[in-house]
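Reading through the C-alpha cells given below for one structure.
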Amino acid sequence: MRLLTGALLLMTATTSLAAESGLLDQDFRRLASDESVNLAEAYGGKVVLVVNTASKCGNTPQYEGLESLYEEYQDDGLVVLGFPSNDFMGQEPGTEEQIQEFCRLTYSIKFPMFEKTTVKKNNAHPFFAGLADASGTYPTWNFHKYLIGRDGELIAEFSPRTQPDDRQLLASIRTALDASE
C-alpha cells in the first residue's frame, strides 16, 4: 500500500508539474551554444513573451523595444525569448554566430535568444505548433508575439505589426505581472 501511495503521489506531482509548465515544456539550444534549456524549468513561473525574430526585416528595429521591455520588467517577472527564424522571405540567412553578433552589437540584446527555429505552419517546431493551437494562428511574419502567463498558459498573441511599446501589449504584460504577484 505504501508503494502504491508513493507512486500515486509521484504521478500526481509529475502531472501537476506538467500542467504548470504548459506550453513551455520544450527543450531549446541557446543561440550559438551547445547548452540546451528546458523552457519550463528555466522560465516557469515567469510571464513570457515569445517572439520569432529576423535580422534583415522591416520589423528588425523592434529588437530595441523588446530589449527595453525586458530591461524594464524583468525584475517584475517578465522574460522575452527570441527565436530567430528564416521562414519569411529568407530574412534571417546568417549563422547563429552571425545572428548573435548582430543582436549584441546592433541592439545590445541581453534577453535570451535560442536556436534558429522553424515557425511556419506544416513545418513548425512543436513549440510554435502548440502556440498556434492555443492562439488559433501561426506566426504570420517575423516578430509575431505570444504572451504566456506564469501558469504556462497562453494569454494573447500579437501580430508582427504590434510594436513592443503598443498600449494593448503593455497592458496585457502589466496585467499578467500584477495578477500573479
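Backbone geometry of the range 25-36 corresponds, through the Karplus equation with coefficients 6.51, -1.76 and 1.60 at θ = phi - 60°, to 3J(HN,Hα) couplings of 6, 9, 9, 9, 8, 4, 4, 6, 8, 8, 6, 9 Hz, x marking Gly and Pro. Fewest-first ordering of R167, R104 by other beta carbons within 10 Å of each residue's beta carbon gives R167, R104.
Give the Kirkwood hydrodynamic radius (Å, one decimal) of the range 125-181, defined as one over the mean of 1/r across all pairs of different Cα atoms.
On the way: mean 1/r = 0.0842 Å⁻¹.
Result for the range 125-181 stands at 11.9 Å.
For the chain, the number of Lys pairs with C-alpha atoms closer than 20 Å, counting only pairs eight or more positions apart or on separate chains, is 10.
Under the classification rounded if a/c is under 1.5, otherwise prolate if a/b is larger than b/c and oblate if not, where does the range 21-179 fall, given a ≥ b ≥ c as square roots of the Cα gyration tensor eigenvalues? If you can, show how the numbers build up before the last one.
Details: a/c = 1.30, a/b = 1.20, b/c = 1.08.
It is rounded, given that a/c, with a ≥ b ≥ c, falls under 1.5.
May I ask you to derive the relative contact order of the range 21-179, considering only C-alpha pairs under 8 Å and at least 6 residues apart, and to give it as an integer percent?
Working: 303 pairs, mean separation 46.4, N = 159.
Computed over the range 21-179, the figure is 29 percent.
For the range 53-129, just say rounded, prolate or oblate: build the C-alpha gyration tensor, square-root its eigenvalues into a ≥ b ≥ c, call rounded for a/c under 1.5, and beyond that prolate if a/b exceeds b/c, oblate if not. Oblate shape, in that a/c is at least 1.5 and b/c is the bigger or equal ratio.
Rule-based calculations on the coordinates, nothing more; no lab input. None of the values given here were measured: they were computed from a predicted structure. Here the Cβ is made from the backbone with ideal geometry for all residues, glycine too, and neighbour counts use every protein chain on show.
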